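The structure appears right after this line, and notes come after that.
The values are calculated or read from the model by the stated rules, or taken from the named source; none is laboratory data. All values derive from a computational prediction rather than experimental measurement. Reconstructed Cβ throughout: ideal geometry from the backbone, glycine too, with neighbour counts over all protein chains shown. To get the accessible areas, we keep the full protein, side chains included, count just its heavy atoms, and leave off ligands, DNA and RNA. Shrake-Rupley method; radii C 1.70, N 1.55, O 1.52, S 1.80 Å.
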Amino acid sequence: MPNYKLTYFNFRGRAEIIRYLFAYTNTEFEDHKIEFSDWPAHKDKYPFGKVPVLEIDGTVYYQSLAIGRYLAKKAGLTGKTDLDDLRVDAILDTIDDFVSLFPWSGDEKETKAYIEKCGVSVLSGLEKELGENKWFVGGYVTWADLYWDICSDGIEHYQPGFAKDYPNLLSLKKRVKELPEIAAWIKRRPQSQY
């Protein structure tokens, strides 16, 4: 089995999808957190001066969604067909576009304005994609479902109730959190901010 070392800031953020995927497969990894205040001393050591990064047997890989895609394939959490993979990627990219532009350092007024401006189209689109299905793609869980849960938790922390009008998306979050491996991870994960 490969030796994994995950390095990220001392908050969940973009590393959490990687941690969820490790949890889903019960894969051990070294959990290496960097305090944000210590980052200037470490920044030059990492590709493009960013984290998270995943070291696999000493080789450093970067970009959280690229790492996630790699781990999702190993976990069997990608699409079962090429067209299902296309849907998984489209959903992931839609969610990522939404959260990438979210004003994470903004005040409540700024985050609320962002949700009002951009949230309705994204959330209603995701709600429509999910429909009455249990999971986003096919009849099975994929890492797109996990990514929705993680990203929506982060936004919920800053803008409580942002998805209250989307019952199917809220039900999906509940199902993800009830997956035995994810439930166990949530219970044991280190406490940190979003």
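Residues to consider are VAL53, VAL88; find the one that is among the aliphatic types (A, V, I, L, M) and over 18 Å from ASP149 (Cα atoms).
The conditions single out VAL53.
Here are some conditions: (1) surrounded by fewer than 18 Cβ atoms within 10 Å (Cβ to Cβ); (2) among the acidic types (Asp, Glu); (3) in contact with a strand residue (DSSP E or B) (Cβ under 9 Å, 6 or more places away or on another chain). GLU16 meets all but one. Which one does it not meet?
So GLU16 meets the others, but not (1).
Of the numbered conditions (1) in contact with a helix residue (DSSP H, G or I) (Cβ under 8 Å, 6 or more places away or on another chain); (2) modelled with pLDDT of 95 or more; (3) within 30 Å of PHE29 (Cα to Cα), VAL122 fails exactly one; give the number of that condition.
All conditions are met except number (3).
Any idea which residue in the range 50-81 is farthest from LEU92 (Cα to Cα), counting only those that are among the β-branched types (Val, Ile, Thr) and assigned to a strand (DSSP E or B)?
Applying the filter and picking the extreme gives THR59.
Would you mind stating whether TRP104 is touching a residue at least 12 places away in the same chain (Cβ under 8 Å), in contact with a Lys or Arg (Cβ under 8 Å, 6 or more places away or on another chain), outside any helix (DSSP H, G or I) and surrounded by fewer than 20 Cβ atoms within 10 Å (Cβ to Cβ)?
No.
Against the conditions (1) open to solvent by less than 30 Å² (accessible area, probe 1.4 Å); (2) hydroxyl-bearing (Ser, Thr, Tyr); (3) touching a residue at least 24 places away in the same chain (Cβ under 8 Å); (4) out of contact with any Gly (no Cβ under 8 Å at 6 or more places or on another chain), where does TYR147 fall short? Just the number, please.
TYR147 satisfies every listed condition except (4).
So the check is Cβ under 9 Å with 6+ separation or different chains; which pairs have a first residue in the range 75-91 that's farther than 16 Å from LEU126 by Cβ and a second one that's surrounded by fewer than 13 Cβ atoms within 10 Å (Cβ to Cβ)?
Listed by first residue and then by second, the contacts come to GLY79/LEU86.
State which residue is nearest to the chain's Cα centre (by Cα) when the search covers only the range 150-170 and only residues that are surrounded by fewer than 18 Cβ atoms within 10 Å (Cβ to Cβ), at pLDDT 95 or above and not in a loop (DSSP other than H, G, I, E, B).
Only one residue tops the list, namely LEU170.
Could you pull out the residue among LYS187, LYS173, LYS134 that is basic (Lys, Arg), outside any loop (DSSP other than H, G, I, E, B) and open to solvent by 50 Å² or more (accessible area, probe 1.4 Å)?
Being basic (Lys, Arg), outside any loop (DSSP other than H, G, I, E, B) and open to solvent by 50 Å² or more (accessible area, probe 1.4 Å) holds for just one of LYS187, LYS173, LYS134, which is LYS187.
Taking the range 23-56 only, how many residues are over 24 Å from PRO103 (Cα atoms) and surrounded by fewer than 20 Cβ atoms within 10 Å (Cβ to Cβ)?
16
Are any of the residues in the range 88-100 β-branched (Val, Ile, Thr), over 30 Å from TRP135 (Cα atoms) and modelled with pLDDT of 95 or more?
Among the residues of the range 88-100, not one is β-branched (Val, Ile, Thr), over 30 Å from TRP135 (Cα atoms) and modelled with pLDDT of 95 or more, which makes the answer no.
Failed condition for PRO180, given (1) touching a helix residue (DSSP H, G or I) at 6+ places or on another chain (Cβ under 6 Å); (2) at pLDDT 95 or above, with all others met?
(1)
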